[in-house]
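Report on the structure given below.
The values are calculated or read from the model by the stated rules, or taken from the named source; none is laboratory data. Note that the structure is a prediction, hence the values are computed from the model and not measured. Every residue, glycine as well, gets a Cβ built from its backbone with ideal geometry; the counts of neighbours run over all protein chains shown.
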Amino acid sequence: MTEFWEKNFVEKQTMWGFKPSESAIIAKDLFITNNIKDILIPGIGYGRNAKIFIDNNINVTGIEISKTAIDLARQNGINIDIYHGSVEDMPFEDKLYEGIFSYALIHLLNESERGKFISDCYKQLKPGGYMVFTTISKKAPMFGKGRKINESYYETMEGVKIFFYDAESIKKDFQQYGLVEFSEIDEIDSDNENKPPMKFLLIKCKK
């Protein structure tokens, strides 16, 4: 997996632009409303979603598997603590956080990895804290395309395996971890607004 993401970042660099995702804006508002000042972002990438939290006086710690992405984050002024490694190796520390934000990551994990990731995030969350996940929906155009690996799980292109969520699978994976609500959300490529929006689901949990 590490080799794939390094190659992906070298080739595409800042592929999603620098504007924050709609999900990050919603999470920022949730965190501010609940006076959350210290968050963890697993899969922080090159930091485009981190900046909106930092700019609103929220302390951010990241986890990122791609060294190239971390270097890009540094070059773009994201000077925060970032652990270089896979979310599969969480936790990297004993610290508990008031909030956790994970964007477009969980659907890239297989069933056992998803279960461990959600559990690890929940364990690193302080009582009363919130965690917000965004994941790809079965309503996305690529659902059902490519090689089927398992139910709702496809290799959509070589090296890219995606689990597509719906209401039932969200409840199955998140109910025991303080699921509050989930909703559909369209994510637009800020550098190419003519592209069709990506069909995502936004999931909120509270400990």
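Here is how the numbers come out for the structure above:
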read-out	value
All strands (runs of 3 or more DSSP E) inside region 127-207 with 1 or more residues being closer than 25 Å to Ile32 by Cβ and among the polar types (S, T, N, Q)	179-187
Candidates Gly128, Gly159, Gly144 - the one that is exposed (fewer than 15 other Cβ atoms within 10 Å of the Cβ), touching a helix residue (DSSP H, G or I) at 6+ places or on another chain (Cβ under 7 Å) and not basic (Lys, Arg)	Gly159
Search result, residues across region 56-72 that are over 16 Å from the mean Cα position of the chain (by Cα) and either of a type in the set (A, V, I, L, M) or at pLDDT 95 or above (or both)	Asn56, Asn57, Ile58, Asn59, Leu72
